Amino acid sequence: MRLMICLLLWSASAAYAEVSVTFVSPEKFSDVRDRQFASKPDKNPHLAAIRRYTEERAARYLPAGQSLSIRFTDIDLAGDHIPQTDPNLTDVRIVTSLYPPRMSFEYEIKDAGGAVLKSDRVDLKDLAFDSSQTGFASDPLRFEKRMLDKWMRKNLR
């Protein structure tokens with residue numbers, strides 16, 4: 001019974017927290033390629049997944065009535081596409097410690113009346129991204145999601 005009440009309270013607060021994610025000039029981002037040749041930003045599955053994930057997760061940390069606006073100005077995914085001579089390997093992303101995930105964004109938290117409670121410019125980088133097991137191995141954005149989660153837990157409570 002107590003668990004059900006906690007879940008209802010959590011879902012109610014998450015329902016009233018508004019999260020907005022935008023990408024500023026995503027065609028200039030360091031690396032959000034989903035394959036050897038970049039997709040258009042509006043068709044890029046990595047950007048769509050980062051938007052959806054950020055909106056869902058951030059809403060969990062915000063009290064009811066608050067809103068969060070995040071403007072990503074650069075994203076560099078963990079790993080890199082390495083040119084291959086075999087045409088069957090053109091869509092391979094090699095993940096090594098040489099290419100850590102990085103994100104730059106600006107954010108603003110407002111109360112229900114629209115007053116700014118907190119705002120800042122953030123440059124995230126996880127140099128130890130490959131030192132622990134995270135999420136599902138099949139999730140191509142597991143390192144970026146963990147990095148965002150750490151930031152949200154620390155800054156949105």
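The values are calculated or read from the model by the stated rules, or taken from the named source; none is laboratory data. Nothing here was measured: the structure is a model prediction, and the numbers come from that model. When we count neighbours, we look across all protein chains shown, and the Cβ atoms used for this are built from the backbone with ideal geometry, even at glycine.
Structure notes:
- Taking the range 20-58 as the range and being over 17 Å from E106 (Cα atoms) and hydrophobic (A, V, I, L, M, F, W, C) as the test, the residues that pass are V32, F37, A38, A48, A49.
- Residue match in the range 68-81 (condition: modelled with pLDDT under 95, surrounded by fewer than 12 Cβ atoms within 10 Å (Cβ to Cβ) and not hydrophobic (A, V, I, L, M, F, W, C)): no
- When restricted to residues that are within 17 Å of the chain's Cα centre (by Cα) and hydrophobic (A, V, I, L, M, F, W, C), the range 94-121 contains 3.
- Output for the range 41-71, where each listed residue is of a type in the set (D, E, K, R) and in a helix (DSSP H, G or I): D42, K43, R51, R52, E55, E56, R57, R60
- For the range 1-36, the tally of residues that are assigned to a helix (DSSP H, G or I) and at pLDDT below 80 stands at 15.
- Residues of the range 96-147 satisfying the condition of being assigned to a strand (DSSP E or B), surrounded by fewer than 15 Cβ atoms within 10 Å (Cβ to Cβ) and not aliphatic (A, V, I, L, M): K118, S119, D120, R121, D123, K125
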